[in-house]
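Report on the following structure.
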Amino acid sequence: MNTISLVGKPNVGKSSLFNVLTRSNKALVANTPGLTRDRHYSKILINDSSFLLIDTGGLDHVNKGEMILKIAEQTNFAIDESDIIFFVVDGKEGLSNNDEIIANNLRKKGKETVLVINKSEGKDINLLKSEFVRLGFKTMICISASHREGIQLLNDYLISFAENNVEMQHDSITKIKLSILGKPNVGKSTFINTIIGENRFISKDEPGTTRDSVSVDYDFEGNFFEIIDTAGIRRKGRVEEKIEKFSILKSIFTIENSNICILIIDAVEGITSQDLQIFSYIIEAGKPLVIGLNKWDALDDYQKDLLKLNLSKKINFLNNFEVFYISALKKIGIKKILFGALKALKSAQRKLPTPILNKYLIDLQNIHRPPIIKGLRPKLKYIHQGAINPPTLIIHGNHLEGIKKDYLKYLESSFIKTFDLIGTPLRIIFKESDNPYDDVEPKKKLKTGLVTRRKRINLKRKEIVNKKRDI
């Protein structure tokens, strides 16, 4: 599979073009320079040929700063691993010194480069090309990513490139989507860099370094992961920037589309309300989960015992989720947590036999019967599995609407323990059995029983009294 990198200075429309080519909204787009920071990968299919497309951060050779240098380093990594470079420039702004510096550096790389002149809507194509011809690239294509103009020209170029190069095949490997979640600055990017063994994501001791959800492929013990680094999720009251709000929405969207989630918690700071909020997002989405206490090596024995106690108090109601003690910086516990994630995924996909479920349901009711509610005891008649990811059990019976949360929790914890459902939520749905007489028109009630008998006796007495009076 050939690889394409989108390269250029900040705010020329690389992420917009990425979204157009991938037919998605995977990359954040805003009129703000420096929004994209890490490499962002996605596969595209053009005329039965697969390409790997990489969105990169803007190259800024005018301003200086640590973040700008880190973005440039990530972009250079993308250029080195690419077969084609789409050098994107701004047709509205025109040629700049920054463009010329980038062009000089790209020529030194010796890569197949296409000059993509974006924002060319309403412009004279020939005049635009004549302005940028001094950059020295043979192939120039004018487009407008926001207006979807000229995109077919890019597709035609890629089709021609594919025909003239080694035949490419579809990637048939099924990938496991693994999302790394947590509040800002807990070490998510460092954790991923440690897993894959390279500085793939920008890691910096500053909250908000990662703004978008970006991914990388990784083969772990024959299991093919798509590891997704997400922006740190803050409390709602702390979210101020519009871009950061979009980042949080992307993180929540990533949870919904994940196969497994790893929640990274800062062991030094301890478990906070923000951590619990992210935890609840994952549970509500029904995703398998493992917890990683990062920076574990920075604690002494007393602090470790205190943190374990605090953790058991705050999430004791969800004791089937495994906790791993790791250090992303010192590469401690990384393999263990990945094996734990695979175990959680296996639990989420487990199929439970119906006969065994029903036998166990009878045993549970014999041990602890449902409490009587309004004079009626709920009767659990039959159970079967309705879905996986997460495992969902459907229980049929009568008078189930009155079952309280404590009994539901008793059922959940019992099934989790018996079937070893480690690392996955379990859902139980109650379904009232149909009454075959619901649609039958009710008959007129017969007056029988003790009350009716007394009435008849009283009426008879009155008749006797009246007869005596007549005499």
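If we scan region 155-165, do we find a residue that is under 30 Å from Ile262 (Cβ atoms), modelled with pLDDT under 90 and surrounded by fewer than 17 Cβ atoms within 10 Å (Cβ to Cβ)? Scanning region 155-165, I find no residue that is under 30 Å from Ile262 (Cβ atoms), modelled with pLDDT under 90 and surrounded by fewer than 17 Cβ atoms within 10 Å (Cβ to Cβ), so the answer is no. If you go through region 351-367 and pick out every residue that is surrounded by 12 or more Cβ atoms within 10 Å (Cβ to Cβ) and outside any helix (DSSP H, G or I), you end up with 1.
The condition (being in contact with a strand residue (DSSP E or B) (Cβ under 8 Å, 6 or more places away or on another chain) and either surrounded by fewer than 18 Cβ atoms within 10 Å (Cβ to Cβ) or over 28 Å from Asn185 (Cα atoms) (or both)) is satisfied by just one residue among Phe324, Phe339, Phe415: Phe415. Could you tell me which residue of region 119-136 is nearest to Ile151 (Cα to Cα), considering only residues that are part of a helix (DSSP H, G or I) and in contact (Cβ under 8 Å) with a residue 40 or more places away in the chain? By that ranking, first place goes to Phe132.
Listed residues Lys331, Lys374, Lys351; which is touching a residue at least 24 places away in the same chain (Cβ under 8 Å), of a type in the set (D, E, K, R) and closer than 28 Å to Leu307 by Cβ? Exactly one of Lys331, Lys374, Lys351 is touching a residue at least 24 places away in the same chain (Cβ under 8 Å), of a type in the set (D, E, K, R) and closer than 28 Å to Leu307 by Cβ, namely Lys331. Checking each residue in region 79-101 for being surrounded by fewer than 23 Cβ atoms within 10 Å (Cβ to Cβ) and either under 25 Å from Asn193 (Cα atoms) or within 36 Å of the chain's Cα centre (by Cα) (or both) picks out Ile79, Asp80, Glu81, Asp83, Ile84, Asp90. The set of residues from region 197-229 being of a type in the set (Val, Ile, Thr) and at pLDDT below 85 comprises Ile202, Thr209, Thr210, Val214, Val216.
Only a single item in (1) under 27 Å from Asn223 (Cβ atoms); (2) loosely packed, with under 14 Cβ neighbours inside 10 Å is not met by Gln385, and it is number (2).
The set of residues in region 273-319 being among the acidic types (Asp, Glu) and touching a strand residue (DSSP E or B) at 6+ places or on another chain (Cβ under 8 Å) consists of Asp275, Asp297.
The values are calculated or read from the model by the stated rules, or taken from the named source; none is laboratory data. Keep in mind that this is a model prediction, so the values were computed, not measured. As a convention, Cβ positions derive from the backbone with ideal geometry for all residues, glycine included, and neighbour counts pool all protein chains shown.
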